[in-house]
1. Neighbouring Cβ atoms within 10 Å as the yardstick, rank B:481, A:636, B:619 fewest first.
2. Where does each of A:614, A:504 land when they are ranked from fewest to most other beta-carbon atoms within 10 angstrom?
3. To the nearest 10 degrees, how steeply does helix B:532-542 sit against the main Cα axis of chain B, on a 0 to 90 scale?
4. Please determine, in degrees from 0 to 90 and to the nearest 10, the orientation of helix B:39-51 with respect to the longest principal axis defined by the Cα atoms of chain B, where the helix direction is its Cα long axis.
5. May I ask which residue of chain B has the beta-carbon nearest to the axis carrying chain B onto chain A, and at what distance in whole Å?
6. Relative to the compact-globule scaling 2.2 N^0.38 Å, provide the ratio for the alpha-carbon radius of gyration of region A:387-521.
7. Suppose we keep just the alpha-carbon trace of chain B; what are its Rg and Dmax in angstrom?
8. Between helix B:566-575 and chain B, what is the angle of the helix's C-alpha long axis to the longest principal axis, kept within 0 to 90° and rounded to the nearest 10?
């Protein structure tokens, strides 16, 4: 609080070409699962960030033509003039807060399957698409390149018409045709667009020049460039061609937005990149080389580090995607000296998962993310209490903590009772596993807030029976009693418990998290397919055990594809010497071995081991719910979080938040909020469309 | 033509409860990738089928509540009254053609992830979702069941308001909560909804009774039931509980729509179920048991079989999904005695793939499918020629055949020149591989039509040079010269040719299709990920070779997940004794072995073999295109099909069709058609939505 002046430099205006950003907080373009399908939801989400102090707020990638059609993933579109109104809505809302609005134009080349538009995909060379769809993009000829430039020019013109201040040329994340032209493994052309670096950079140069020519009088032109691919000599490296490209194009953009590719490298999860600022070493040459305003990212949440990067001349803008999702009001909180109130990103990448899952963005830390429009939620504002009711929250895990926090903010008198000796529940337990320490922030942030509330009482070591609850005398109870991992093998593959010999020691993730480790050799059986199986195997191997990983999935931890981690997860297990037996189920458990069989048939086999860790399904803890249901003196109650439906930690915090918002709001109001939707227009009569 | 009278029985009206179908052709509910996102496209597609003579035309599954939210897959929605206009559009258009409109209400239970609505999924028991998302559905309590019944009742009322004639209760495909209640592996309840068959069928009975009570005065109530799960004793069997359920509920529905589950069993591809009528034995008891109008499916395209099934008392309605997609005018063609003109489904399941790919339905045989609204296409109507231009089509594969056919129908003077001795190109070649014989229909149907056209000349054995084309003297040339499989290993994993020892015999799918088989043992290397790698391995194993299948994918032929075949594909290879080495790439090729390495790291290994079949990438054949580009006397030309962009056969027929439609239409008109889109409404000002 006393150091506010130390951060003043973060709030200086910065000129970028013909426009001026009000401060140095810059929400770089990031996917959000809203896109062209949900313009109002998109607008409200971005505008919330502008309201929270981000001086620049950008769209996600914006397709410039149906030959870059990412369907069914919903990004932004500026295929033609009809897309202007949806984007103008966002630009207007961001600018109404005094921020600059940026738009990231893109052509995705062979990373776009064009499944909706059905146009043959385009690339520098004949090359396969990046999906399972067995189709190839075609090598662009000169007319194709001229067309592409014309589409980009038109999109830039339309972006200006929509009201944007900053317009991007985008060459990053291995998802953009401009970057594919840069890279020799994709660009094997023999014309003036192939060969030398100058030739391979020609398309980017042309797009920059033409964008400036078209709209540079009033809009800043940004280049988003990946300067390193993190593949060593197999790709572009910052100290070689990455630098050369920056030098070659130095003066052209009004702003350099630099990062590393591909997406899993740029949006590195905390499991594999625990520290903020992990890209700094690779991008730090850019500002010095170009002399232009530069923005970089690295999951920044520490204002001291931000200040240092500005003072050292590394960056002009503090770029952020995930930190702006976890806390849209991060800049305002720094401005107000409320550093401890920043809701820090935990780097779990659930936000990123929503892009591939095709649904609006969500966040483990910030349950209001993605709900700004359809539910009218804001992370910093909540309706005051509707009555003087007193509430008891049973269970201090993620759902209980969030529920108590929001009820406290509404002004209710809240008691939070945790059975164990520590608050945090699964978030705390899981944070003790290898790579997941940052997840503890889910607990720390909430406990920090809760401890400041005079109307909230916090108790640990307080296991409650139905009688205890009845005698406590509150008006309403929220049951956030969590879930436990099953040890009986029931899961996706087995709908009934497995036949297990009593002599085989069985463990669950709960045992491992509690520090109860088996003796090896151990089989970890994953029939859950989330992140847990891979984490447990990695954790046990690091503890020195010999581990065999058996899974009914064909890859390790398939859900982690969505969080951009899967390749690293499986590589980690391989490099730890863990034996993998994939597409394999455990059919039976003997005294000193498990019997495995292929999920696609084939012979059974026995696998000797001294212990078996089951990562299969979970059982919600509804003991107290059932007891209260039987108990005459019980107050009204409802179940939240894993006790209702075991899921991600993000599901738990959302569930707790939703329950707190809906408390005493009336079911009708709660449902009305749920149902706010964006739908395509329907003509009043179809007759003209019948054959 | 002479037998038309023999099919009269197919055109009898059939009463179903309070409504009467005009004939026995019944388009059962089927997914189409349009759903709530594309109401106008959906309407035009269904209305085209009604215009083609289908007496009943149904929607796809229609979610009755946000707790059955299949996002991002776009099915229909009837969450509340706001969804009525979109569905009324379809019902009105179908009924305007004299057909009945049916709607399939559904609650998907734990098969719905509720990723958009974020409601905890519902199921008879606590059970994992059926996706990689690590979340569990919760066991429904009594209030949940009452809620579900109320949602279904409201949806039925709204379906009637939207104008539907037939309203479904849906219990099939392992995707419906009503079926989950029926099945002991999901229903482990101890209340009156669990235990006995009567108890497990209680929910279906209640929904049927309540739907009849609500709307039965004017709407027929149908039950779609899977009577056999095709999993033997592990699931419901037609001769045991399947029959018992039918007997138990016999009198309740006005119509029985019966099939087998799950979806891959019901929509069996021709590769694994070559004959039509493959479900008949399992469903034939239903009509006799219930005495109610009964509809069944089985990829029916033969009118003689249809008549037999009616006369034998097996069915009252000829149900169809895929045959109605391949030929929306199938009923009219039978009525007109034009049996040979029926465009028969080839059972490739590309239609089904669109549901999971999240884009509008398409069809290998019928390129107009899914394009009825946005491009205004109809399978039986096409604009007449715009001039007296003469055209040459070079290449008689799928793209060339389709292009020539549609140009011929437009009235142009067309010459089709095929270099080889037979028409058909890749469709013919691939039909010679194990399981793909039905794909030959792509050729047969088109050749049949083309041979009847006086304005089309067909030539085989006619390889053409640029000079030949110039001397031929046409006004325009379409180049449909196809593509060839590469043998150099360039593909997804290797962007440059592999280092191959000359002593190792290399083969491609083209060799195998031409009958040039290697000597074993052979390695099939799949870096394509489509269907081809698995087909080649299976084909070679059947030829008696010892085969090892190496793939960079984690499963065999991942694309076949979308065509509902993947499990059968991989099981077939396992049961053929083929060794699988998945998530593995070929790093180098020696004289008598290949060096493999894991795509996730680990040690390299050598695999001894006598031959290597590369299934990696394809090279478009653009020889003639380049020659024409250099040749002064060349007419105008354009490239279509695999020569432009190698893909599926469905991509090739679409490409040929599109080119024929757009010929002399002008680029502007062609682009305008492409761009017709359905977009969400955008308010004129966003100011009220900013924070």
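Please treat every number below as a calculation from the coordinates, not as lab data. Not measured: the values here are computed from a predicted model. All Cβ positions, glycine included, derive from the backbone under ideal geometry; neighbour counts span all protein chains shown.
1. Values: B:481 26, A:636 10, B:619 16.
Least crowded to most crowded, the residues run A:636, B:619, B:481.
2. On the way: A:614 29, A:504 17.
Listed from fewest to most nearby Cβ atoms, that is A:504, A:614.
3. Computed tilt is about 80 degrees.
4. For B:39-51 against chain B, the angle is about 90 degrees.
5. B:554, 2
6. Values: Rg = 18.0 Å, N = 135, 2.2 N^0.38 = 14.2 Å.
After normalising by residue count via 2.2 N^0.38 Å, the value is 1.27.
7. Values for chain B (Cα only, Rg and Dmax): 26.7, 83 Å.
8. 70 degrees
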